[in-house]
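Accompanying notes for the structure given below.
The values are calculated or read from the model by the stated rules, or taken from the named source; none is laboratory data. Given the structure is predicted, the values throughout are model-derived calculations rather than measurements. Cβ: placed from backbone, ideal geometry, glycine included. Neighbour counts: every protein chain shown. What goes into the accessible areas is simple: the full protein's heavy atoms, side chains included, and nothing from ligands, DNA or RNA. Shrake-Rupley method; radii C 1.70, N 1.55, O 1.52, S 1.80 Å.
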Amino acid sequence: MNSEYIVEMRNITKSFPGIIANDDVTIQVRKGEVYALLGENGAGKSTLMSMLYGMYEPDRGEIYIRGEKVVFKSPSEAAEKNIGMVHQHFKLVDNYTIGENIVLGIEPMKKKFGIFPYVDMKEANEKIAKLSKDYGLEVNPTDLISDVNVSIKQRVEILKMLYREAEILIFDEPTAILTPQEIEYLLKIMEELKKGGKTIILITHKIEEIRKIADRCAILRRGRLIDILDVKSTSTQEMANLMVGRKVELTTDKQPPKFGKTVLEVEHLSVYDESKVEVVKDVSFKVRAGEVFAIAGVSGNGQVELADAITGLMKAGKGKIILNGKDITNEKIRQRTEDGIAYIPEDRQKYGVLLDFNLRDNLGLRKYYKPPFSQNGILKFSEFESYAVRLIDEYDIRCGQGGLTSLRSMSGGNQQKAIVGREIEEHSPLIIFVQPTRGLDLGAIENIHKEIIAERDKGTAVLLISLELDEVMNLADTIGVIYSGKMLKVADASTLDSQAVGRYMMGVTEA
Amino acid sequence: MSYINAMITSGLAFAIPLFIMAVGGIYSEKSGITNLAVEGFQGFGAFCGAVVAVFLGMNTGLSSSAIIYVAMLFSFIGGAIYAIIHALLCIKFRADQVISGVVINILGVALTTFLTTTINTALFGNASNKFTLGVSPRFSVPGISKIPIIGAVFTNIYPFEIIILIIAVYAWYLMYKTKFGMRLRACGENPQAVDAAGGDGAKTRFLAVMSSGGLSGIGGICFAYSLLSQFSPSIYLGYGYLAIAAMIFGNWNIIPTFFVCIFFGIARAGGYQLCLAMGLASIYSDLFLMIPYILTLLLLMFFSKRNHPPKAAGEVYDKGKR
Amino acid sequence: MKNEKVPSEKGFFAWLAKVLGHEKWNSVTVPIFTIILTLIVSSIFLLILGKNPLTAFYSFLAGNGFAAKASYGAGNGMLSDFFAFLNIMAPMLLAALAFIFAYRCGLFNIGIAGQMLMSGFMATILVGYNKALPAAVAKPLVIIVGLVVGGLLGAFVGFLKYRFNIHEVVSTIMINYIISFLTGFFINSRYVDSITRSSKICSSAARLTCTKVLIGGYYCNVPLGIVVALIMVFVVKFIFDRTVFGFDLRAVGSNRNAATYAGINVGKSIIMSMMLSGCLAGLAGVTYYLGYTNTIIPKTLAGMGYDAIATALLGNNTPVGAIFASVLITIFQNGANYMSSTLGVAKEIASVITGILLLFSACSGFFRYLSKNKLNRIADEKRALERARKEAESK
């Protein structure tokens, strides 16, 4: 047994109903190194690590920790072997304090009057305070999770691992939701952890991070291990090609914009959420025909509410929304669609599609209530069918049974294509994209980016809201940065670099 | 004056069993399992208690009040066991939690009625659908009970009221101070967090639903020993649903729910006493029996929008979800 | 997640998975599977009680005119039993349609029993006790009263949900009890028959069942309700399958957020669907109280209002499925008395069987899920084998 490796996963195979997530994958990680797993969405990186963390058991293959064979039946068993994981979607309880979240699962107990056991938060909070000082992870243990931002939530997740005395730390796409400055901070912490003798496994699809921090890198594609590389001696382009399996263009080509008249005007718009908190504060901007206006910002800064207010899903509290000169501030959703707003929502399964319906009905979702799709309130399915056939072909929607395919059985990428196709077919003067490429693989992302640019070149006004700074920098003609509900900066894209945008995203206004 | 005293005394006697059922509801829902099955749990629990009581009454020389305590214990056990069906359906079989609750209630009525009739036929040769239990003895605290108004609280108390309050205090302590409670409440907000932190979300929920059944069962047997003086299908009077309504006003917290239950109890007893005070015929009591339900609807109108039910309640939790 | 045994293409479970997981046919096969499970479990139950399950099931059929009884009273025969069966099946089918109508829009109408009682009560006092009305006026009037009263109650529930965010399950249950006490009070104080202790019977002009009609030499009670119910099956089916209105309701039921996004007025849909569900429940009420029973027992909600949920679930929440499901459940409910008399088992066993059926119906989603999983695993295995074969070849 070679105990040079702290973690060894040998010939791991794992399948889920319908997909083989990992196929005969072998990786070996040395103590104290930063080991990266690179791959697209759905390449099987998270699944592989979930097995190391005891969330699933492999169908075949073996796991060795410090040379000793292990079989984990649950995360707590993995935790006993000092393995910790920061999940992509944080596993935190919103109405608990930071301290309570950290101790959940291994609560320190004391006994009152020698009989009644209770959870001793006081001692726990002291221990957490010490840990957070040791590693430079600033948190206040008595703050509620619902009151802190994503960057702090991530620190809580890291502290959770350290509190459990984890030696092997798994990070699942830790930078996806952070600003460039927060990413710098995180990478620094990782350096600290590495210096402290911890072993780090980093799951990511961002090559630059790997370049900055990782020692070695395993590349996964469609569940299979493609290659293991030494990071120092490999070029970025090489990694990208290996990851995707073909040559990729890292940026989208586009012609200089031809701006037309103003299509959307938002004037002093304020939006209030259910608990009457002002989530969009006095925002004003204009989008012209033939322009991609991109709104950058960290998640939860009011951008989704802004889009919802423009499309009518939320009420505008104050201010005006003007579309092609018409005040639509108080119009119903359907009227706005008719007036010319197409909308690709952030959460496609929550808003964009009806999962229980078939593809044909979903494609007809914007048109079913009017001729020729229905007459006198009676639906005409032949119209639905021919329309669906056309869109399936034009937008390359992959589906098993044509228009009758159930939406639930389609992949996320194809669901998104269906939504994009349906909305583009409205030929609206304004089209709003919110996080259009979330959770899609590189091929699908490229595709959607091309559609966005094609719409702009046709003279449509495009409002793009994205959390991915790369996407904003790549596509925007004009960039607006939203922070804490306020539009901090609006400027021509050519005048801003990603560092500058990142600073505004964190609320820093002076350069 | 005697009307007011009677209102307080009988109001509490109604409110306290209702409260423990509501606590049962809270246990289940705080763990993320929507619970409309309280009605069925309390009926089935009461049935188990009643069967044990009838057996003990026939075969042992136990005093009737000792039998009540044993019956309460078995109601807890019976309710908890019956709740396993709800837990299995919701946690393991991914059934819709609302449907499961309704199913549990329908099955509860059918099963207990059928079994009561069958047992009566077998034991006494008469196909009656009720077990006669009698009313629990009551006591007054000497001295304090003589104080006007406040004394009514300490007059004619059923011993089970005291037991329930002790159980409720323990239930509160378990929910808010111990690690079981901490995980239980976390399950209702984000079960993934519990699993990821090394707790077993499914097991916690299972135990929570079983506790819910047990607590509801205690409520049921106490109604059988007070209001009804028997076990029969008339135990399904909808008090389980009333308990759910109390839980909703109480915003899923034990202490506010207690006061809501007291309010329900006083309102209901107040209606009765008003009916008596006005010298109305007994037919009119039906109109006053409507009061708690109408109040529930009215209160819901004002409170429903402000409520924060546990976030994960009602969702099928799939551990393998990625 | 456990390491499950390596599945194989063959074997009983694989076959079962194929049958239950079939995209097109699972809406039929899964209910049949739940029925078979129920029959097995009830048989075990009966065997424990020392009774012959086959005799029991035969008696259930015989009690409904699907099989011959040992003996009949004068002027009665299988046909009389069959019409009696239709008489009780009509409100059951309507009540199931009521549940389906709300359920398709994502709402649980647990208040069917209360809506039935209220519309039956109103029709009884408004039309049933009005001796002057001729049958040609009284019968349609009864139906209209049923529709209006049920519709108003349903709309009220929808309004409470939309305006105050009150969960319809809680509000309908509260309303059930209120109606039960309210009608109970009025019946006891004004309309009670001093001998039966329930409400006085209605005029035969208003009654929706024609009594003692001589058919083929047997006296039969011919229900008009069954005609109404069958018409409603097709009306409901048409609304959901073919109309824009039905599309809206289904969209709201499937995903409220997406329906809002698509510009559908969710509040209106909720109120409309609860209202129409109430209308159907009202129809069930008048066919039950002015057809089947012809009297109202005070302070008693019809168990049918809840059994209808079982019927709807078993019928996969489709109108046509509800026909088959209501036949089956009515056989159990209506045949209970005869079964009880031949077998000597308490007649409540029928409710227990319905309860078990309901329990398995609630798991039908799980059966589908299991079969899909199993099918997927089989497919994975096939693919793995295929790949292994190819790799071996390429080497």
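Computed quantities for the displayed model
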read-out	value
Long-range lysine pairs (8 or more apart or interchain), the stretch B:163-322, Cα under 18 Å	5
Average accessible area per residue (Å²) across the protein assembly as shown - probe 1.4 Å, nucleic acids and ligands excluded	40 Å²
Estimated inter-spin distance, C:PHE66 and A:LYS212, nm [label 7 Å along Cα→Cβ]	7.1 nm
Gain on full stretching of the segment that runs from A:HIS268 to A:LYS69 - 0.36 nm per residue minus C-alpha separation	65.4 nm
Dipole of the stretch A:267-350, positive direction: furthest Cα of A:GLY300, A:PHE285, A:ILE321, with charges on the beta-carbon	A:ILE321
Residues A:LYS318 and C:ALA384, FRET efficiency given R0 of 51 Å [Cβ-Cβ distance, rounded to 0.05]	0.25
Partner chain coverage, peptide A:97-105 - average Cβ within 10 angstrom	4
Where Rh is the Kirkwood radius over Cα pairs, Rg/Rh for chain C	1.05
On Cα atoms only, tilt of A:412-424 relative to the major axis of chain A in degrees	20 degrees
Residue among A:LEU269, A:LEU144, A:THR311 farthest towards the positive dipole end of chain A, charges placed on Cβ	A:LEU144
Sites B:SER64 and C:THR196, calculated FRET efficiency, Cβ-Cβ separation with R0 60 Å, nearest 0.05	0.95
Contact surface C-A: accessible area buried, both sides summed, square angstrom, 1.4 angstrom probe	2900 Å²
Degrees separating the helix A:180-195 axis from the principal Cα axis of chain A, which is the longest one	10 degrees
1.4 Å probe, heavy atoms, protein only - residues of the stretch A:372-386 losing at least 50 Å² accessible area vs chain alone	A:ILE378, A:LEU379
Separation between Cα centres of the stretch C:226-248 and the stretch A:1-67, rounded to whole Å	54 Å
Efficiency of FRET from Cβ geometry, C:VAL320 and A:ARG390, R₀ 30 Å, rounded to 0.05	0.40
Under 15 Å, Cβ to Cβ, from B:LEU184 - net charge with Lys/Arg +1 and Asp/Glu -1	+2
Kyte-Doolittle at least 1.0, axis length at least 18 Å by Cα - qualifying DSSP helices, chain C	C:26-48, C:78-104, C:135-164, C:168-186, C:225-242, C:266-287, C:349-362
Inter-centroid distance (Cα atoms) of the stretch A:206-240 relative to the stretch A:136-169, Å	28 Å
Sorted largest first, extent of the stretch B:69-166 alpha carbons per principal axis (Å)	55, 40, 21
Cα gyration tensor, the protein assembly as shown - rounded (a/c under 1.5), prolate or oblate	prolate
Area of A:GLU184 that stays accessible when all protein chains are in place (1.4 Å probe, Å², to 10)	80 Å²
Largest to smallest principal axis extent of the C-alpha atoms in the stretch A:355-424, angstrom	35, 23, 15
Estimated dipole of the protein assembly as shown in Debye, rounded to 20 [Cβ of Lys and Arg +1, of Asp and Glu -1, Cα centre]	2580 debye
Burial of 40 Å² or greater, the stretch B:170-188 residues [accessible area, probe 1.4 Å, versus chain by itself]	B:TYR173, B:LYS177, B:LYS179, B:MET182, B:ARG183
Reciprocal of mean inverse Cα separation for chain A (Kirkwood radius, Å)	25.0 Å
Helix-only [θ]222 nm of the protein assembly as shown, DSSP H runs n ≥ 4, -39500 (n - 2.57) each, per residue, nearest 500	-17000 deg cm²/dmol
Other protein chain Cβ atoms within 10 Å, averaged over every residue that makes up C:245-254	4
Of all DSSP beta bridges in the stretch A:5-244, antiparallel share, percent nearest 5	60 percent
Mean separation of Cα contacts under 8 Å, 6 or more apart, over the residue count of chain C: relative contact order %	31 percent
Within the accessible area of the protein assembly as shown (1.4 Å probe), percent carbon and sulfur	59 percent
Solvent-accessible area of A:ASP227 with every protein chain in place, 1.4 Å probe, in Å² to the nearest 10	60 Å²
Normalised contact order of the stretch A:74-219, rounded percent, pairs of Cα under 8 Å and 6 or more residues apart	30 percent
Net +/- balance of residues flanking A:SER466 in space, Cβ distance below 12 Å, scoring K and R +1, D and E -1	-3
With Cα atoms, 0 to 90° folded angle of helix B:201-223 axis to chain B main axis	10 degrees
Cβ-based charge dipole, chain B, positive-most Cα from B:CYS275, B:GLY108, B:GLY199	B:GLY199
Number of partner chain Cβ atoms within 10 Å, mean per residue of B:240-246	3
In the stretch A:423-511, the GluC sites (Glu not before Pro) that fall in loop regions by DSSP, at most 10 other Cβ within 10 Å	A:GLU510
Point-charge dipole on Cβ atoms (K/R +1, D/E -1) for the stretch A:355-424, about Cα centre, debye to 20	120 debye
